[in-house]
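Chemist: Take a look at the following structure, please.
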Amino acid sequence: MRVPNVLGYVRKYGVRAALHDIECRLVNKVAHFEILKGMTVRVQDVHDPSLFEAEGFDARFVGDDELAKFAHEGAHELSVDFLRNASGRGDRCYALFHGKALAAYGWYSKLPTPIDEHFVLHFGQAWTYMYKGYTVPAYRGKRLHAVGMCRALRAFTEEGQKGLISCVASTNFASLHSVSRMGYRIFGEVYMLRAGGRSFTYATKGCRDYGFWVESPAPDMALVRHIA
């Protein structure tokens, strides 16, 4: 991490955040290590009513057929393989359109969901997992990611879910700040370590009430799972 970046982190997020980022970078030189902050948000946690509004945009759940053309184009960080896998799990996409242009989207799941090629996230059935949010560069700065989440949150709440559950890397300070302002509340952490073909995961005590934990499904990896 270069000195200018360190100074920038200190000015924006504080000394502790900068030190944490440096520590994680050092560990990742010899192994894959990551800490995920688990969090939830309910409708009553959102204190800004404007986040439920999408003036000028068509905000709705969107089907696979409509998304397929974007996936085939290879744009909007969507791929054919991702769409196939997400649809196979029954995951749903909530998107915002500006005319015919796809401006932003987020994905929502009620089943265990891969975090990457090595780890799968589990969570309680009362919650809907939000992941893979994306806003087209031309539409950034309009809070569309938060608006999409809030509108999807309201829709899932009407279907009987408690709210949304999600996770953010502990070093992604910008996202942590953003979701905190929206109304998300952190309940615990999951530690993930992978080295030498083996993996270790640890979920803190706060994760227990939310059924929130991570596993590595690969058969050649030993898994140690512990919820304190």
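The values are calculated or read from the model by the stated rules, or taken from the named source; none is laboratory data. Since the model is a prediction, treat every value here as computed from it, not as a measurement. Glycine also receives a Cβ, built like all others from the backbone with ideal geometry; neighbour counts cover every protein chain displayed. These area figures cover heavy atoms from the full protein model, side chains too; ligands, DNA and RNA do not enter into them. Shrake-Rupley method; radii C 1.70, N 1.55, O 1.52, S 1.80 Å.
Chemist: Can you list the residues, at least 5 places off or on another chain, whose amide H is less than 5 Å from the amide H of Phe187, using H built in the peptide plane?
Modeler: Residues meeting the criterion, in which the H sits 1.01 Å from N, are Gly38, Met39, Thr40.
Chemist: As a test question: what accessible area, to the nearest 10 Å², does Glu66 have when a 1.4 Å probe is rolled over all protein chains in place?
Modeler: Rounded to the nearest 10, that gives 60 Å².
Chemist: Kirkwood Rh over Cα pairs of region 41-119 into Stokes-Einstein at 25 °C, 0.890 mPa s: D in µm²/s? Walk me through the intermediate numbers first.
Modeler: Values: Rh = 14.2 Å.
It diffuses with D of about 173 µm²/s by this estimate.
Chemist: Moving on. Explain nothing, just compute: Karplus ³J(HN,Hα) = 6.51 cos²θ - 1.76 cosθ + 1.60, θ = phi - 60°, for every residue of region 94-106 in order, whole Hz, x for Gly and Pro.
Modeler: After applying 6.51 cos²θ - 1.76 cosθ + 1.60, I find 10, 10, 10, 10, 10, x, 9, 7, 6, 9, 6, 7, x Hz.
Chemist: Any idea what the dipole of region 39-102 comes to, in debye rounded to 20, about its Cα centre with Lys/Arg Cβ at +1 and Asp/Glu Cβ at -1? The partial results should precede the final answer.
Modeler: Numbers: 7 positive and 12 negative charges, 41 e Å.
Computed charge dipole of region 39-102: roughly 200 debye.
Chemist: Still on this structure, please answer the following. In whole Hz, with x marking every Gly and Pro, tabulate ³J(HN,Hα) for region 131-139 from phi via Karplus 6.51 cos²θ - 1.76 cosθ + 1.60, θ = phi - 60°.
Modeler: My calculation for region 131-139 gives 8, 6, x, 8, 10, 4, x, 5, 10 Hz in order.
Chemist: Roughly what percent of Cα-Cα pairs across region 105-228 reach past 23 Å? Don't skip to the answer; put the middle values down first.
Modeler: Working: 2709 of 7626 pairs.
So the pairs more than 23 Å apart make up 36 percent of the total in region 105-228.
Chemist: Could you go through region 182-195 in sequence order and give the Karplus-derived ³J(HN,Hα) for each residue, using 6.51 cos²θ - 1.76 cosθ + 1.60 with θ = phi - 60°, rounded to whole Hz, and x for Gly and Pro?
Modeler: 5, x, 4, 10, 6, 10, x, 9, 10, 9, 10, 10, 9, 7
Chemist: Ordering Glu73, Glu55 from largest to smallest accessible area (1.4 angstrom probe), what's the sequence? Let's see the in-between values first.
Modeler: Details: Glu73 125, Glu55 170 Å².
Final ranking, largest accessible area leading: Glu55, Glu73.
Chemist: Here is a further query. Any chance you could check the Cα centroid distance between region 128-146 and region 173-187 for me, in angstrom?
Modeler: 14 Å
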